[in-house]
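Below is one structure, written out as structure tokens; comments come after it.
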Amino acid sequence: ANLIVNPNLFNEVGLFNDDLKSGADNAFCKHAAENHHKVVFMPEILIKHPSRGTLKDLIYKSRRTYGGWYQLLGFKSGNIFTKIYSVIYIIRPPIKPLYRIIKHQTTTTSEKIRAVIILIILRVARVIEHFRLLFGHSSLR
């Protein structure tokens, strides 16, 4: 949601990748770290970011960010084996997130059920987005 950068860093490692629909900030930070620049998280800085208020907003964000990861992971330009791997990758069951939801101590059973339903809806949205991208459509911005 926020990134503070010394302007000189752009001269040294380059600008954000405009071709990416999502995740350009992550790719920029990874590139900066690979070039021996320090990337730090500052927990004392508070950022107020509007939450996604509706399920429709969450689905759109999930599809948009998946499109960025689709590009970053090379699924867009990969060979047939990369594309087969990408299908296996996206249809795998969300075991870790499900486990975290179920094991959460302070969440009620009804909240856990709602969280699991939302997780499944978002996963289905990403699978649909994956196949949309696999068949040549553009990722969302």
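Summary table
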item	result
Residue tally, condition modelled with pLDDT of 85 or more, open to solvent by 60 Å² or more (accessible area, probe 1.4 Å) and among the polar types (S, T, N, Q), over the range 58-88	0
Any helices (runs of 4 or more DSSP H) falling wholly within the range 1-111 and containing at least 3 residues that are of a type in the set (S, T, Y)	55-72, 80-91
Residue in the range 98-112 that is of a type in the set (D, E, K, R), closer than 21 Å to R63 by Cβ and either more than 17 Å from the chain's Cα centre (by Cα) or at pLDDT below 95 (or both) present	no
Top-ranked residue in the range 56-86 [being touching a Leu at 6+ places or on another chain (Cβ under 9 Å) and hydrophobic (A, V, I, L, M, F, W, C); ranked as nearest to G136 (Cα to Cα)]	F75
Y99 vs. criteria loosely packed, with under 11 Cβ neighbours inside 10 Å and not small (G, A, S)	yes
Meets criteria (aliphatic (A, V, I, L, M) and open to solvent by less than 100 Å² (accessible area, probe 1.4 Å)) for L55	yes
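The values are calculated or read from the model by the stated rules, or taken from the named source; none is laboratory data. As the structure is a computational prediction, the values presented were derived from the model and not from experiment. Using ideal geometry, Cβ is built from the backbone for each residue, glycine included, and neighbour counts are taken over all protein chains shown. Ligands, DNA and RNA are excluded from the accessible area calculation, which covers all protein heavy atoms including side chains. Shrake-Rupley method; radii C 1.70, N 1.55, O 1.52, S 1.80 Å.
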